[in-house]
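The numbers here are math on the coordinates, done by the rules we state, and not lab data. Here the structure is a predicted model, which is why all the values come from computation and not from measurement.
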Amino acid sequence: MSGEVVSARTQLQYGPVGTSSTSAPFTSRQLSRLDEALTLSSRETGLVFAVYVGELKQPTRGHAEALFERLTDDAVLIAVSPGQRILHIVTGPESSKRLPNRACALAALSMRASFSNGDLVGGMASGLRMLADSAGTVDRTP
């Protein structure tokens with residue numbers, strides 16, 4: 001999964017398709033936890049949540065925004081570079097209507113606290129829950 005944009009609509013993967021790695025950055029349990037958090041957040045809100053874990057090129061915000069361009073206007077990207085100690089949350093035109101900067105800043109603060117304690121997956125899962133709670137549910141009745 002490192003270096004890949006992952007959303008609730010795609011299958012979690014590490015590295016190029018067809019490779020097997022003995023040094024994957026996440027265990028299958030961690031990947032399952034992250035997949036569940038992505039799926040639940042997207043299902044509850046109707047927004048598309050995505051996670052990128054890997055190095056971000058300079059300028060890092062610009063790189064995160066370039067990654068976001070692969071997604072839809074109703075998406076939310078959490079871009080994390082543990083080695084660089086960088087976190088960006090990027091929202092699109094539609095998702096930003098439901099996720100104000102303050103909600104993203106609070107989620108980022110919570111994630112950073114978990115990251116500093118060595119819990120990368122827990123921090124991302126918690127951040128996804130906070131963002132989903134802030135965005136609220138979507139009314140699906142006709």
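Backbone geometry of region 93-110 corresponds, through the Karplus equation with coefficients 6.51, -1.76 and 1.60 at θ = phi - 60°, to 3J(HN,Hα) couplings of x, 7, 5, 5, 5, 9, 10, x, 3, 4, 5, 5, 5, 5, 5, 5, 4, 5 Hz, x marking Gly and Pro. log₁₀ I(q)/I(0) of region 40-142 at q = 0.12, 0.14, 0.24 Å⁻¹, via Debye over equal Cα point scatterers, no solvent, to two decimals? Taken in order of the listed q values, log10 I(q)/I(0) reads -0.36, -0.49, -1.36. For region 72-118, the fraction of alpha-carbon pairs lying more than 13 Å apart is 57 percent, rounded to a whole number. Considering only alpha-carbon pairs that sit under 8 angstrom and 6 or more positions apart, the relative contact order computed for region 21-142 is 27 percent. For V76, nonlocal amide neighbours, meaning residues 5 or more places apart or on other chains whose placed amide H falls under 5 Å from its own, are V48, F49, A50.
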